[in-house]
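Working notes, beginning with the structure itself.
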Amino acid sequence: MCELLGMSANVPTDIRFSFAALARRGGETGPHADGWGITFYEGRGCRSFHDPEPSARSELAKLLRRYPIKSRIVVAHVRKANRGRVSLENTHPFSRELWGRPWTFAHNGQLKGVKRLPLGRFEPVGTTDSEHAFCWILSQLQERFPKPPRAAALEAAIAECALTLSELGVFNMLLTDARVLYAHCGKRLCYLTRRAPFGTATLIDEDWRVDFAQETTEADIVTVIATRALTRDETWTELERGDTLVLTDGAVRVMKGATRRRSRPAPEMRGAA
């Protein structure tokens, strides 16, 4: 399967350290050689980079490792193709506009029959099951909420959509609307939060060590979420299947999937073939 990387922070933060590890897994220390992408948020705007080449050998990825883009929300992905050919339009993360916000989505796993779910105004450009799932989520949100809802209602709806998609297969996702980063664990995701007192971290996939005490202030809070742990000397928390994370300014809140019940059947599933 693919691998995910996300970051939520309360101050603009450099993601190069974590991205270096993810990039190595794209065809060197891992088999995810079918393209990669990353999106950085700056306020309401974002900048995205995509490449169908393996990230471990991509010149664009090498450029980003030298380019200190600082952001409060980051979503990145390295791809191992299962559905959809290796091409630029099939590289994650995918982006769309909803309620005047730029939404970004990345997924790993496989979803059997997801393309039978009807869509609204959001349509895929590529041929992956992942992009169809993203368009379906946004269609569901727009149908339920013609205007931006309160935070609690939005969180519940996203968690419900994630649980519905998990019924079709493996659904690990990262999703953001430029303000909050949502993560859902369908099989494997882990995270760590760095805050004062900061320590030293060493990458698993590369000989790179950083003393975060020299790179941060005491007020900084940064949470990194990944498919597999990126560092060897920090404690990563494994999520349980069905859990949805809500990350705001680096702070983490877990919505337990096992204890939630959907209040009503998902309308899109009632008419699915």
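Summary table
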quantity: Which numbered condition Phe40 fails, given (1) closer than 25 Å to Glu206 by Cβ; (2) in contact with a Cys (Cβ under 7 Å, 6 or more places away or on another chain); (3) touching a residue at least 40 places away in the same chain (Cβ under 8 Å); (4) not basic (Lys, Arg); calculated: (3)
quantity: Inter-residue pairs, beta-carbon under 6 Å, first farther than 21 Å from Phe19 by Cβ and modelled with pLDDT of 85 or more and in the range 68-92, second surrounded by fewer than 21 Cβ atoms within 10 Å (Cβ to Cβ) and of a type in the set (A, V, I, L, M, F, W, C), 6+ apart; calculated: Glu89/Val125
quantity: Residues of the range 44-65 that turn out to be open to solvent by 20 Å² or more (accessible area, probe 1.4 Å), closer than 19 Å to Asp14 by Cα and either in contact with a Pro (Cβ under 7 Å, 6 or more places away or on another chain) or in contact (Cβ under 8 Å) with a residue 12 or more places away in the chain (or both), as a count; calculated: 8
quantity: Complete set of residues in the range 218-236 that are of a type in the set (D, E, K, R) and either in a strand (DSSP E or B) or in contact (Cβ under 8 Å) with a residue 40 or more places away in the chain (or both); calculated: Asp220, Arg228, Glu234
quantity: Test result for Asn172, open to solvent by less than 10 Å² (accessible area, probe 1.4 Å) and under 22 Å from Trp236 (Cβ atoms); calculated: yes
quantity: Selection from the range 188-236 of residues that are open to solvent by 50 Å² or more (accessible area, probe 1.4 Å) and within 14 Å of the chain's Cα centre (by Cα); calculated: Arg188, Arg228
quantity: Within the range 97-133, considering residues that are touching a His at 6+ places or on another chain (Cβ under 6 Å) and more than 20 Å from Thr176 (Cα to Cα), the one surrounded by the most Cβ atoms within 10 Å (Cβ to Cβ); calculated: Val114
quantity: Qualifying residue in the range 185-193 (condition: in a strand (DSSP E or B), at pLDDT 95 or above and hydrophobic (A, V, I, L, M, F, W, C)); calculated: yes
quantity: Residues satisfying the stated conditions in the range 242-266, i.e. outside any strand (DSSP E or B), open to solvent by 30 Å² or more (accessible area, probe 1.4 Å) and modelled with pLDDT under 95; calculated: Lys256, Ala258, Thr259, Arg260, Arg261, Arg262, Ser263, Arg264, Pro265
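The values are calculated or read from the model by the stated rules, or taken from the named source; none is laboratory data. Nothing here was measured: the structure is a model prediction, and the numbers come from that model. Positions of Cβ are generated from backbone atoms using ideal geometry, with glycine treated the same way; all protein chains shown enter the neighbour counts. Note: areas computed on protein heavy atoms with side chains; ligands, DNA, RNA excluded. Shrake-Rupley method; radii C 1.70, N 1.55, O 1.52, S 1.80 Å.
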